[in-house]
Amino acid sequence: MVNAMTDKNKLMNSLSKNLPAEKSAQSVVVPEQNKDLVDDYEYSRDRYKGILDKGEEALNGMMDLAAESEHPRAYEVLSGMLKNMADVTDKLMDLQKKKKDLTGESKKDQPQGLTQNNVFVGSTTDLQRMLLNKKSEIIDVDSTDE
């Protein structure tokens with residue numbers, strides 16, 4: 001287990017030396033009214049990610065223990081840990097959605113005036129009459145033109 005951690009540390013050090021530095025969050029200009037929202041969001045996100053990282057380490061240890069002991073209680077605890085990790089992952093995604101709702105980003109992503117689902121309410125006779133009246137507007141494409 002210790003050898004795996006030193007390998008991971010070596011890999012992380014190597015990556016940090018060889019990859020360009022990411023754009024820091026402090027260089028982004030945030031309006032004053034949204035500063036608390038952004039700070040709270042980043043803090044919560046970092047906490048959730050930390051919990052997931054620690055949970056993954058604990059999960060790996062529990063998987064080894066359950067496999068070695070083959071005890072039913074160990075597998076029961078392992079399944080509980082898996083459920084908890086899935087719940088934290090869902091909370092991380094919910095956090096993202098809540099941020100979009102608070103900042104109004106989700107409204108910007110949807111085009112205005114776009115109708116996605118159309119429903120015709122009427123009989124087939126009404127539909128046929130409507131289509132016959134609009135026949136001059138229908139463009140017929142012939143497959144031999146290609």
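The values are calculated or read from the model by the stated rules, or taken from the named source; none is laboratory data. All values derive from a computational prediction rather than experimental measurement. Here Cβ is always computed from backbone atoms with ideal geometry, including for glycine, and neighbour counts include all displayed protein chains.
The residue pairs whose first member lies in region 38-58 and is surrounded by 11 or more Cβ atoms within 10 Å (Cβ to Cβ) and part of a helix (DSSP H, G or I), whose second member is modelled with pLDDT of 90 or more and of a type in the set (D, E, K, R), and whose beta carbons are closer than 8 Å, counting only pairs six or more residues apart or on different chains, are Y48/K91.
Applying the criterion of being under 21 Å from the mean Cα position of the chain (by Cα) and of a type in the set (G, A, S) to the residues of region 18-61, the residue that is modelled with the lowest pLDDT is A25. When region 61-93 is filtered for residues that are among the polar types (S, T, N, Q) and either exposed (fewer than 12 other Cβ atoms within 10 Å of the Cβ) or more than 30 Å from D40 (Cα to Cα) (or both), the ones remaining, listed by number, are S69, S79. Is it the case that some residue within region 62-83 is within 30 Å of T103 (Cβ to Cβ), modelled with pLDDT of 90 or more, part of a helix (DSSP H, G or I) and of a type outside the set (A, V, I, L, M)? Taking every residue of region 62-83 in turn, none turns out to be within 30 Å of T103 (Cβ to Cβ), modelled with pLDDT of 90 or more, part of a helix (DSSP H, G or I) and of a type outside the set (A, V, I, L, M).
Report whether or not S136 is among the hydroxyl-bearing types (S, T, Y), at pLDDT 90 or above, out of contact with any Asp or Glu (no Cβ under 7 Å at 6 or more places or on another chain) and in a helix (DSSP H, G or I).
No.
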